[in-house]
Amino acid sequence: MNQYVVTSQEVKEALENGKPVVALESTIISHGMPYPKNVETALRVEEIIRENGAIPATIGIIGGVLKAGLTKEEIDYMGKAPDVAKVSRRDIPYIVSMKKDGATTVASTMIIADMAGIKIFATGGIGGVHRGAETTMDISADLEELAATDVAVVCAGAKSILDIGLTLEYLETKGVPVFGYGTKELPAFYTRKSGFPVDYRIDTPEEMASVLKTKWSLGLHGGALIANPIPENYSMDEAFITKVIEDAVVEANEKGIKGKETTPFLLAKIKEITGGDSLESNIQLVFNNAEVAAKVAVAYSKL
């Protein structure tokens, strides 16, 4: 499968020499925020990973080529190209075969990272079980990928537009461990609290690296979720954001918005109602996750 993956020279050398590498998604660039804020954010995330001792590998698909380690020019291209597809597992064969451009989601970033040999991945938040999934069966491909692919995902928990309780139940069924980085409670993206406990609390990068090494050395395939709360000073009021989300969900239902259109609609609505505060929170939590991921990758590379 690696014949389809092109790693940058820097990432290739790092992997060959056992140096720490952190994978990054590209959906946040092409679909997460407007240009040039998206590109500025992506480049700053890469800087944070370097500052903490690891090599960044932003992942994307350009001209049908799976790329692990985009150049600055490629990141800029992904940030302003008008027709970059949002690519999950099911979309990869078509996008590659038709030589199209694709921005990778959590699921597809995990797949390409695994092909390249990268074990640690930093993102914003994961997808999950959507509200009302007991009738719609709307469950993110991210969860299936976490069950199948040997990559650890550092995130700020599940987006609070989801059914967090059912998301955790699904992960438990699939055997995916959920670790709280410095917390016993799963963070809910914009806020540090959700009311739901994680499986285990981890307090240092060394502890986290040791658990991951043990998991994969035992032959227990699949990923791990490392839930890292948004920094306190950027955390939004839990009651306020919950009300905003509930109102947005009602509006989405009234307008008949379903499937993959649901999340972009809800996030746009939240940004509109919060006056942009949610976008700044989103950016800061990604920075925070990049720092933790780099530290875990450094610790993992020493084992």
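For Ser217, what charge total do you get from the other residues with a beta carbon under 14 Å from its beta carbon, if Lys and Arg give +1 and Asp and Glu give -1?
Residues near Ser217 contribute +2 overall.
For Lys269, go through the aspartates and glutamates and keep the ones whose alpha-carbon is under 19 Å away, minus same-chain ones fewer than eight residues off.
Asp163, Asp237, Glu238, Glu246, Asp247, Glu251, Glu254, Glu261, Asp277, Glu280
Past 23 Å, Cα to Cα, is the threshold; run Lys12/Lys215; Lys12/Lys37; Lys119/Lys295 against it and keep the listed order.
Beyond 23 Å between Cα atoms: Lys12/Lys215; Lys12/Lys37.
For Cα extents along the principal axes in Å, which listed value, [x] 100, 69, 30; [y] 95, 64, 24; [z] 52, 42, 35, comes from the coordinates shown?
It is the one labelled [z].
Per DSSP H run of at least 4 residues, take -39500 (n - 2.57); add these up for the chain, divide by its residues and hand me the 222 nm value, nearest 500 deg cm²/dmol.
Mean residue ellipticity at 222 nm (helix-derived): -14000 deg cm²/dmol.
Beta carbons within 10 angstrom, averaged per residue: use that to sort the peptides 74-81, 283-290, highest first.
Most protected by this proxy first, the peptides run 283-290, 74-81.
I need to check one value: relative contact order of the chain, counting alpha carbon pairs closer than 8 Å and at least 6 residues apart, in percent.
20 percent
Read-outs: derived from the displayed coordinates by stated rules, not from any lab. For clarity, every value in this text was computed on a predicted model and none was experimentally measured. Neighbour counts are summed over all protein chains in view; Cβ atoms, including those assigned to glycine, are modelled from backbone coordinates with ideal geometry.
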